[in-house]
1. Please work out if B:A139 is within 12 Å of another protein chain (Cβ to nearest Cβ) and either not in a helix (DSSP H, G or I) or not polar (S, T, N, Q) (or both).
2. Have a look at A:I96, A:I101, A:I90 and point out the one that is buried (at least 18 other Cβ atoms within 10 Å of the Cβ), among the β-branched types (V, I, T), touching an Asp or Glu at 6+ places or on another chain (Cβ under 6 Å) and within 13 Å of another protein chain (Cβ to nearest Cβ).
3. Within the stretch B:99-117, is even one residue buried (at least 19 other Cβ atoms within 10 Å of the Cβ) and within 11 Å of another protein chain (Cβ to nearest Cβ)?
4. Looking only at residues that are of a type in the set (A, V, I, L, M, F, W, C) and within 14 Å of chain B (Cβ to nearest Cβ) in the stretch A:153-182, which one is surrounded by the fewest Cβ atoms within 10 Å (Cβ to Cβ)?
5. May I ask you to verify whether A:L379 is hydrophobic (A, V, I, L, M, F, W, C), surrounded by 17 or more Cβ atoms within 10 Å (Cβ to Cβ), in a helix (DSSP H, G or I) and away from every other protein chain (no Cβ under 13 Å)?
6. Does the stretch A:227-244 contain at least one residue that is acidic (D, E) and more than 17 Å from A:L177 (Cα to Cα)?
7. Going by the structure shown, is B:F278 among the aromatic types (F, W, Y), part of a helix (DSSP H, G or I) and at the interface with chain A (Cβ under 10 Å from one of its Cβ atoms)?
8. Given the conditions (1) in contact with a Ser or Thr (Cβ under 8 Å, 6 or more places away or on another chain); (2) without any contact (Cβ under 8 Å) to a residue 24 or more places away in the chain; (3) hydroxyl-bearing (S, T, Y), report the number of the one that A:T329 does not fulfil.
Amino acid sequence: MRTLLALLLTGLLAAATPARAQTEITFYYPIAVGGPLTKVIDGYARAFEKEHPGVKINPIYAGNYDDARIRALAALKAGQPAQISVLYSIDLYELIEQDVIVPWDDVATTAEEKAWLKAFYPALMMNGTYKGKVYGIPFQRSTIVLYWNKDAFKEAGLDPEKAPADWTEMAQMATKLVKKDARGNVERWGVMVPSTGYPYWMFQAFARQNGHDLMNPEGNRTNYAHPDVIAALQYWRDLGAKDRVMPEGTVEWGTLRQQFTEGKTAMMWHTTGNLTAVKNSAKFPFGVAMLPASKQRGSPTGGGNFYLFKKTTPAERKAALDFVKWMTTPERAADWSIATGYVAVRPEAYETPKLKQYAADFPQAVVARDQFKFATAELATFQTGRVRKLLDDAIQAALTGQRTPAEALKAAQTEADRLLKPYR
Amino acid sequence: MKHVYGWLLLTPAAILLVGFTHYPAAATLFDSLFSTGTVVRPSRFVGIGNYAALADDPIFWQVLGNNFWFALGTIPTSMTIAMLMAIWVNDRLPARALARMAYFTPTVLPMIAVANLWLFFYTPQIGLLDQINAALFNAPSHNWLGDPRTVLACTMVMVIWKEAGFFMIFYLAALQSLPPELEEAARMDGASRWYFFRRVTFPLLMPTTLFVLVNATINSFKLVDHLFILTKGGPDNASSLLLYYIYQVAFSFFDTAYASTLTVVLLLLLAGLALVQFQLIERRVHYR
């Protein structure tokens with residue numbers, strides 16, 4: 001029944017598609033239709049077509065990462081054209097399991113193309129590589145940084161130019177930064193780390209700083225219950241429950257930026273993706289720093305990669321490769337980084353005059369790049385949605401005091417083991 | 001020949017109904033008996049295996065419990081408020097159109113927009129709720145959505161605010177169709193307003209009440225848009241509802257078989273509730 005429907009649909013669509021005189025690349029891109037970035041992407045597509053006659057780029061704007069993935073996969077199933085897509089970097093294992101993508105190594109055959117595969121920051125390749133092959137080319141990538149309010153630091157008698165370097169220092173500085181009114185109610189918190197939306201992402205930073213990654217590169221084992229990982233969650237919990245420098249319970253991702261720009265917290269951990277927005281709305285001087293260290297510094301990366309779909313002709317693969325190469329040249333990476341606030345994906349981009357000038361005027365923009373040395377892959381495993389939610393729930397249960405960090409993480413680990421066993 | 005015409009007239013509606021309601025429901029039931037297939041591990045028949053997994057799934061029981069409290073917390077309150085508002089704006093009062101519009105406005109707004117507004121109401125310190133609390137009661141800031149004890153109640157208040165205006169419209173329509181002679185006759189006989197409401201208005205509103213009750217019940221299982229903005233079901237599933245969990249299982253875990261299983265449960269639950277409502281309550285409803 002299903003095949004019959006699919007056949008029917010394919011037939012209908014084939015009849016509706018005009019004959020192709022040239023190579024067409026349909027490119028799914030995760031953004032809402034009509035957003036300001038669609039203009040940038042459209043501009044890139046048109047410019048590429050001008051330089052490469054015979055290739056047509058059709059960007060399809062498809063909501064957020066989830067929508068884009070669902071729509072691209074549905075298009076493939078229905079036999080509609082889809083050659084490349086920017087999708088969530090952590091969808092890698094899911095896409096492999098569905099058997100819909102091919103590694104870029106298969107198409108990058110010349111020496112120059114092979115060199116291009118190695119041109120990116122290694123930290124950004126971790127989420128795109130599986131069994132030694134590159135499946136995801138980094139495009140719009142972010143990481144977590146610490147924002148701090150320099151006026152608040154001055155008021156608390158701290159050096160406004162110096163961010164906390166390690167966990168102890170962050171807790172101590174945060175204690176000084178807490179401001180209470182006459183009745184003893186907190187007017188300004190010391191630090192806030194968001195714990196809704198993407199708690200696993202923030203927690204990866206804590207765990208990495210305490211010396212551990214939360215999963216293996218094969219994506220079939222998690223490391224939720226290591227004593228150092230439990231200690232990392234304990235530190236996070238203690239910021240609210242013991243040190244009282246952060247509100248107890250969970251901190252909302254969506255409103256944290258406003259709380260920071262309203263001066264309700266002196267420091268926050270947030271994505272670099274918020275940099276431009278904070279810059280535009282903060283009425284006080286603010287700094288951006290790498291996240292503090294425990295045993296080492298650390299932050300996960302995040303964001304979207306270019307994937308190449310399996311259902312493609314050799315000519316399409318060649319054109320797709322040319323396009324993605326063109327999209328990630330140093331000049332374009334620099335341009336894209338300035339336009340969006342995403343990190344430029346390769347070192348040469350930071351050597352371009354344009355980005356050098358931008359960084360000189362706005363040094364906060366390069367902190368994320370400097371942090372790449374310490375960066376790690378974003379949490380991605382087989383069964384990634386479930387395995388990630390186990391961790392999300394454990395973190396929230398610990399932060400709201402319903403379970404101890406050890407209890408919560410051990411339970412999550414047991415359940416993750418059960419889910420991942422078939423993949424080992 | 002007559003039969004042919006009859007069937008022809010029915011066909012368009014029947015195709016739509018079968019294609020978009022009955023076939024998906026049957027397919028969901030069918031899918032719930034198989035495991036989720038991937039290229040590596042094709043789908044296979046597992047019988048009631050998915051249902052057994054469901055019985056062992058603590059999150060399923062938690063979201064079902066949440067849904068129960070959510071329904072219990074939102075339905076009676078929003079219906080009572082709707083009826084009171086309708087009676088009030090049905091009277092002759094100054095700027096009546098304005099008052100009606102004010103009550104109806106929340107209904108017109110998209111849930112996503114409403115949730116974004118309320119997200120800021122509930123934000124600790126800078127939020128409206130905390131500002132009012134601090135100004136009036138000197139109360140310390142509370143992390144409304146970050147505390148598992150308050151988060152579900154917070155979403156309920158928002159949904160009541162949004163839903164009551166919608167139900168009010170139905171009550172208002174029903175009130176306007178009540179013949180004015182009844183009230184005149186009651187006044188002549190010296191009935192008090194409360195007595196008139198209790199013995200005349202309220203019973204006559206029963207068909208509307210049944211209709212609103214069915215709708216409110218369905219809505220309490222259907223409305224999950226706010227969770228995407230407000231809490232994503234957190235902290236630790238404290239505000240998650242059944243349909244939102246189905247969404248997560250289907251589109252975040254890609255476990256279509258288990259999502260089908262949950263959907264079958266939701267369908268049975270709603271069908272059961274509707275049956276009970278129609279069977280039991282209809283006996284006590286006066287239709288004219």
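1. Yes; evaluated as a whole, the condition is true for this residue.
2. A:I90 is the lone residue from the list that is buried (at least 18 other Cβ atoms within 10 Å of the Cβ), among the β-branched types (V, I, T), touching an Asp or Glu at 6+ places or on another chain (Cβ under 6 Å) and within 13 Å of another protein chain (Cβ to nearest Cβ).
3. Yes, the conditions are met somewhere in the stretch B:99-117.
4. Going residue by residue through the stretch A:153-182, those that are of a type in the set (A, V, I, L, M, F, W, C) are A:153, A:156, A:158, A:163, A:165, A:167, A:170-171, A:173-174, A:177-178, A:182.
From the residues that got through so far, the ones that are within 14 Å of chain B (Cβ to nearest Cβ) too are A:178, A:182.
On the way: A:V178: 19, A:A182: 5.
Checking each candidate, the answer is A:A182.
5. no
6. The answer is yes, given that some residue of the stretch A:227-244 is acidic (D, E) and more than 17 Å from A:L177 (Cα to Cα).
7. For B:F278, the condition - among the aromatic types (F, W, Y), part of a helix (DSSP H, G or I) and at the interface with chain A (Cβ under 10 Å from one of its Cβ atoms) - is not met.
8. (1)
The values are calculated or read from the model by the stated rules, or taken from the named source; none is laboratory data. Computed from a predicted model, the values in this text were never measured in an experiment. Positions of Cβ are backbone-derived with ideal geometry, glycine not excepted, and every protein chain shown enters the neighbour counts.
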